[in-house]
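Derivation of every value follows stated rules applied to the coordinates shown; laboratory data play no part. All of these numbers come straight from a predicted model, not from anything done at the bench. Because the Cβ atoms are built from the backbone with ideal geometry, glycine has one as well, and the counts that use them run over all protein chains shown.
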Amino acid sequence: MAIAKCGTGNPASYDDIDAVMFTQNYSNGQDNTVYSRRVATFDRSTFWVFFWNNGREELPTEYSQLDLKDGLGTFKLSTTLEDVRSVLQRHDFFHLNPTDLLITDTMQNILYVKRCGVITTIRLYKYYDPTFQDRATLALFDNLRSLVKAASATRTSKTPKDFEQTLIFNP
């Protein structure tokens, strides 16, 4: 079992990550309700996925797909918080230095990582265009997307839902 290294002056440890939220919003900005759209590909869909440990145990990963044709709904995924920690470590998350952009009204992916009570947020805009983002950040987001896409999913509802734990990431 890993020992928490939280505290001033301690090096960042991936074992200390207790929650990760990953969202992909491919909305065109014209319609705030994506429920009315249906898209054919996962890469152009709108979803959120939440990996977490409540301090006592790792809980099932929850995923809500808002507009993927034939994939709409809320699911439990086979992938875990440990899996996403491994992806973050492989991409040296704590040392990423993504481009700071101020863009509105465009598709964005957002990664929130909660470690030791601190939330680190990375926003990725126009992820298929490498002129807007550095390659290391693009690779991380591609791997996160692949992790979600490859996971086996157990549908818990045919209806997508809004993220209930919003205050964890937006206090």
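Annotation: amide H of Cys116 within the under-5 Å range of Asp18, sequence separation 5 or more or interchain, hydrogens built in the peptide plane.
Each Lys or Arg adds one and each Asp or Glu takes one away; over the other residues whose Cβ falls under 14 Å from the Cβ of Gly73, this sums to +2. For Tyr26, the amide hydrogen comes within under 5 Å of the amide hydrogens of Thr46, Phe47, counting only partners 5 or more places away or on other chains and with H modelled in the peptide plane.
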